[in-house]
1. Compute the long axis of helix 66-92 from its Cα atoms, compare it with the longest principal axis of the Cα atoms of the chain, and write down the angle in degrees, 0 to 90, nearest 10.
2. Enter the angle in degrees (range 0 to 90, nearest 10) between the Cα long axis of helix 52-62 and the first principal axis of the Cα atoms of the chain, meaning the one along which they spread out most.
3. Does a label point 7 Å from the Cα of residue 22, set along Cα-to-beta-carbon, have any residues of segment 53-92 with amide nitrogen under 16 Å, and which are they?
4. So what's the back-of-envelope 222 nm ellipticity for the chain, counting only DSSP H runs of four-plus at -39500 (n - 2.57) apiece and dividing by all residues, rounded to 500?
5. Put a dot 7 Å past each Cα toward the Cβ at residue 51 and residue 31; how far apart are the dots in nm?
6. What FRET efficiency comes out for the pair residue 38/residue 60, r = Cβ-Cβ distance, R0 = 22 Å, nearest 0.05?
7. Inverting the mean 1/r over all pairs of different Cα atoms, compute the Kirkwood radius of the chain and quote it in Å.
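Read-outs: derived from the displayed coordinates by stated rules, not from any lab. Bear in mind the structure is a predicted one, so any value in this text is a computation, not a measurement. Cβ atoms come from the backbone with ideal geometry, glycine included; neighbour counts cover every protein chain shown.
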């Protein structure tokens with residue numbers, strides 16, 4: 001029986017939940033961060049990644065490490081890549097075998 005995987009979670013899901021908990025609008029966050037409102041909207045909808053620049057801004061704004069946001073993005077990217085390409089990579093890549 002194959003192990004069931006949970007679908008990758010985009011960092012925008014976490015950002016949306018945080019905004020709701022704090023009673024902040026996406027527009028207000030964008031204004032306070034100094035970025036276009038569409039950028040925040042796209043991240044929240046999973047249409048755009050959290051970049052290093054946005055991670056710096058989010059970290060400063062929420063009093064968190066920017067690495068928190070980058071790690072969420074990195075994990076999402078890797079999980080999505082494994083879901084999409086994992087089996088193909090296993091088929092196509094011949095692992096290096098050291099000769100003793």
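1. Compared with the principal axis, the helix lies near 30 degrees.
2. 50 degrees
3. Counting backbone N atoms under 16 Å from the label point, the list is 54-70.
4. Mean residue ellipticity at 222 nm (helix-derived): -21000 deg cm²/dmol.
5. Going from the residue 31 label point to the residue 51 one covers 2.3 nm.
6. Working: r = 21 Å, r/R0 = 0.94.
Using R0 = 22 Å, I get an efficiency of 0.60.
7. Mean inverse Cα-Cα distance, inverted, gives 15.4 Å.
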